[in-house]
Each structure stands twice: as structure tokens, then as C-alpha cells.
Amino acid sequence: MTASRTSSMSIDPAVIAALAPKGVLRASINLGNPILANQDPVSGEPFGVSVDLARDFAAYLALPLELVVFDAAGKSVEAVSDERADFGFFAIDPKRGETIAFTAPYVLIEGFYLVREDSDVRTNADVDTADHRVAVGKGSAYDLFLTRELKAAQIVRAPTSPAVVQTFIEQGLEVAAGVKQQLQADASRIGGLRLLDERFMVIAQAMGVACSRGQAAAALLADFVEQKKASGFIAEALARHGIQGASVAPAA
């Protein structure tokens, strides 16, 4: 399902100008979350649910699209906050909300802990002790959440979310935290690792614009997200890209 280019005829031109002041809609794409975006190993082109949504939003506004690609969530947030990109795809977080106006979530993703097979850590409650170091992706939703929630354990920040398990292994850390699917894939590849039995958080993934773009721009993006949820576009994109373990968020 693709947005019609005639959709923009009913949108206030001032709002379109607020969203894309350069006349090109620049989407900040984070490759650090494999649920939402990946990179074709041959062409180098990004693909995934967030890329599909970016293209459809550009069509909705009848604007050309430019993908601004990053390897980590924190960099993607900064690009939109600094207006080097016009909108992006982020986990909702209060800290990010200081500069980003979020839509309601469009996808829900689970966050899990990973440990070694012989680890004494059996439950989420076992993680937060002074002798545990937890690897997270710098600036990720897990980093922001666990920085607030963990009281005794030490957080060790990997440069990107896909590098979390590598950091966990190389530095001999006790726990890794991240997207369930990424951790499962790494555990299967490396061996001798296991996920804990319960998630420690549900990540609400949303689209967002810089607060400086104004309420009307944020409202238009929020309305677009609700349309895409209701129409089945997001469910179809998840299925098309073979994504498991993520679900379409309920209507706002």
C-alpha cells in the first residue's frame, strides 16, 4: 500500500515547508536496530520497515526523499534534533523527548538480557548487583532505560547496538542487553550463551520530528502513523521483511 501523491493536495503548504524546509524530505535511518532497518550487503542500500515508511511519507507529501543513514540510535536522534534530518524513527524515551516530538508508537519490540551458559544470573532481578557489568549500545533505548533503572550494576557502552555482544565477549562482561532478535542471532552464531526467560522492557518505536518544527508538523506525522497502522501497511512491511518478535502497536 503506497500513499498517493495527491494526498498532499489537502495539506497546508506551510506544514510541508516546516517538515521539509529544503524541499527534500530527509529521513534519519538507524541501522543499529535490525528490526527496523538493515543494509543490503551487495548494493549498500538500506531497507526495512522504517525505510518503507520513509518512502511512503515522502510520497504522501509529494516530495523527493533523501535517506540519511547512521549506525547508532544516538546519532540518528542527534541528526533530527540538530535539523540535519527532517524526521526519524526512534524508541520513545523521556530524555529524547526534550528535543523530539514523537508520534504514538507504530511497533513494539522486546528488550532482553544475554549471559553465558554457566552464569549464575537466572532472572532479571539477578542482574542489578555491584559485581555485574552490563553491555548496551551507546545512546540506545536500552542505554537510556537502564541508566535510569539499574542502581548497582555498571553500564558499559558499546559503540553501536550490533556491537554489544562483541563488547560483552571481548571485555569479559557479565551481561549484555539489547533487541531480543539481535541477541538471539549472536548467541546462535557464537554458542555458549543464553537469553534470560523474560523481557526487561518493551520498546515503543515511533516516528518523530524536532520540536522546533512546530506542533502542526508533529501532528501531521502522528496522523500519518495512525493511517499506516490502520491500513495494515506496517503489518505487511513486518511480514515482507521477515521480522519476528515485533508487533504493530495499537491505535493511539
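Just one of (1) surrounded by 16 or more Cβ atoms within 10 Å (Cβ to Cβ); (2) modelled with pLDDT of 95 or more fails for LEU31. It is (2). Considering only residues in the range 185-207 that are under 17 Å from LEU144 (Cα atoms) and of a type outside the set (A, V, I, L, M), the one that is surrounded by the fewest Cβ atoms within 10 Å (Cβ to Cβ) turns out to be ARG199.
Residues that are more than 18 Å from ILE203 (Cβ to Cβ) number at least 2 in the following helices (runs of 4 or more DSSP H) confined to the range 93-190: 164-170, 180-190. Among the residues of the range 197-252, those identified as of a type in the set (Ser, Thr, Tyr) and part of a helix (DSSP H, G or I) are SER212, SER231.
Across the range 41-57, the number of residues qualifying as surrounded by 21 or more Cβ atoms within 10 Å (Cβ to Cβ) and either more than 25 Å from SER247 (Cβ to Cβ) or among the aliphatic types (A, V, I, L, M) (or both) comes to 4. For the range 194-252, filtered to residues that are within 30 Å of ILE169 (Cα to Cα) and β-branched (Val, Ile, Thr), the residue that is modelled with the lowest pLDDT is ILE243. Once the range 23-45 is narrowed to residues that are under 9 Å from the mean Cα position of the chain (by Cα) and part of a loop (DSSP other than H, G, I, E, B), the residue that is nearest to GLN166 (Cα to Cα) is GLY32.
The values are calculated or read from the model by the stated rules, or taken from the named source; none is laboratory data. What you see is a predicted model; the values in this text were computed from it and never measured. A quick note on method: Cβ atoms are made from the backbone with ideal geometry, for glycine too, and the neighbour counts reach across all protein chains shown.
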